[in-house]
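Have a look at the structure below before the remarks.
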Amino acid sequence: MASNSCNEACVVENGGLKGSSKETRPGRTAHNMSSSSLRKKSDIALVSKVPCRSLRRLLANLQEVILGTKLSILFPAIPLAIVAEFYGFGRPWVFALSLLGLTPLAERVSFLTEQIAYYTGPTVGGLLNATCGNATELIIAIFALSQHKIEVVKYSLLGSVLSNLLLVLGTSLLCGGLANLRKEQKYDRRQADVNSLMLLLALLCHLLPMLFRYAGSPAALMADPTLNLSRASSVVMLLAYVVYIFFQLVTHRQLFEAQESEEEDDNTASGEEAVIGFWSAFVWLVGMTLVIALLSEYVVATIESASASWGLSVSFLSIILLPIVGNAAEHAGAIIFAFKNKLDISLGVALGSATQIAMFVVPLCVVVAWIMGIKMDLNFNLLETGSLALSIIVTAFTLQDGTSHYMKGLVLLLCYVVIGACFFVLRTPFNQPNMNNLELKLPTEAVFRA
């Protein structure tokens, strides 16, 4: 009886639970399914013995939110990062501890948005997931913008797209193919086609500002047109993303909902309900977002010190390390489901995250920079844009037939290794002009001298 009353206390707040049955519970997206693979059930037997109802509810919430994930072992990194920053420890230590602390926070944000979705319904829950799905990258980008570190913004967002398309998807297809050698792995091509089209649109919006540099006019005269085109393209991308969300949540919802087998649906029916109340989930979400903001500020402030101390370029840390550590929980979930021969979920995580970064976070950063009076454009320079273009094209070719095997995953993974090696050996000085720009300035000076 105590256990039942604790469940009631933990779940029922300001009204009853809104729809925990199969018919009324929100449709689970690939992101929700991926994150749930790293969660663990909490034993409320001990908490239920606490006599005070308010204290019992508080302890139950702490148990669900803090200890309800397999990544809870990384939570101590958060206070350690704050202490290291407060007492002036080595800046590389602050950078490393902040990255580790961001890993469980990103997974918990996904958990809390799913909890809120049980009360608000699937549409609002889907919008929350679409907005908060890459909250870590967005917050880091905004803090980097506030410090005028535009290179860090571009590198980190580019790295998120590359890691999702090549590392996560490649590892998922490779592991899934090896674990299911005697089974034919199939997935729904329709979802992959939609995401591929969105990524190609994003690629076009990145290519045109870069090609302006090679249009034949002096580079100095093309700076303002490039910036204006980037801002206009960003608005178009945001509008396209809004339509994409409507397409995903309303008109073609069935394409994006994670499919569960009947056996698993019966086995997990008891777990498909809210475990904390609406207001508790909302307060936890706000609190964790604030902590993510604090750690993101530490990451941005210490990335140059870590680069100098570790002998790694800022571009390598931003493109390779930040996306891998920041989204480790989501990436691990995608690989786990690939092992279980559920490629639709793995593809939904990898392609969905890449699409969200390319079509929402990147143009939003351009618009935010515009509001802040900072000149950020969509020209990611030749090497970075070329890597993005080849990654999107290779991924689109890989997913064109609706079937998978380990060789496809290996090729994608090797592409990521080569790109990572490229940025590892690249030693472009931070906050210095790119070599492409230097080369383009020489003809300009010659023109003016003539």
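The values are calculated or read from the model by the stated rules, or taken from the named source; none is laboratory data. In this text, all values refer to a predicted model and were calculated from it rather than measured experimentally. FYI the Cβ positions are ideal-geometry reconstructions off the backbone, even for glycines, and counts take in every protein chain you see. Side chains included, ligands, DNA and RNA excluded: accessible areas come from the protein's heavy atoms. Shrake-Rupley method; radii C 1.70, N 1.55, O 1.52, S 1.80 Å.
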*Work out from phi, with θ = phi - 60° and the Karplus expression 6.51 cos²θ - 1.76 cosθ + 1.60, the ³J(HN,Hα) of each residue of the range 226-236, listed in order in whole Hz, and give x for Gly and Pro.*
5, 5, 5, 5, 4, 5, 5, 5, 5, 4, 4
*Step through the residues of the range 317-323 one at a time and calculate ³J(HN,Hα) from phi using the Karplus curve (6.51 cos²θ - 1.76 cosθ + 1.60, θ = phi - 60°), rounding each to whole Hz and writing x for Gly and Pro.*
4, 6, 7, 9, 6, 4, x
_Surrounding net charge for PRO323, when Lys and Arg each add one and Asp and Glu each subtract one, Cβ distance under 12 Å_ = -2
*Pull out the extension gain between LEU55 and SER305, defined as 0.36 nm times the separation in residues minus the alpha carbon to alpha carbon distance; nm, one decimal.*
85.7 nm
*For the range 146-191: rounded, prolate or oblate by the Cα gyration tensor [a/c cutoff 1.5]*: prolate
_If amide hydrogens are placed 1.01 Å from N in the peptide plane, which non-local residues have theirs closer than 5 Å to the one on GLN185?_
SER404
*Go through LYS186/LYS340; LYS154/LYS375; LYS70/LYS149 and tell me which ones have a Cα-Cα distance over 24 Å in this structure.*
LYS70/LYS149
*With the full set of protein chains in place, find how many percent of the accessible area of the range 280-334 is carbon and sulfur; take the probe as 1.4 Å.*
73 percent
*Label the range 264-412 by shape, choosing from rounded, prolate and oblate, from the square roots a ≥ b ≥ c of the eigenvalues of the Cα gyration tensor; if a/c is under 1.5 it is rounded, and otherwise prolate applies when a/b is larger than b/c, oblate when it is not.*
oblate
*For the residue pair LYS340 and VAL411, what label-to-label distance in nm results when each label sits 7 Å from Cα along the Cα-to-beta-carbon direction?*
2.9 nm
_For the range 271-332: rounded, prolate or oblate by the Cα gyration tensor [a/c cutoff 1.5]_ = oblate
*Net charge, VAL291 excluded, C-beta distance under 14 Å - Lys, Arg +1, Asp, Glu -1*: -2
*Are there trypsin sites (Lys or Arg not before Pro) in the range 150-209 that DSSP puts in a loop and that have at most 12 other Cβ atoms within 10 Å, and which ones?*
ARG182, LYS183
*Which cross-chain or sequence-distant (5 or more) residues have an amide H under 5 Å from the amide H of THR69, H modelled 1.01 Å from N in plane?*
LYS40
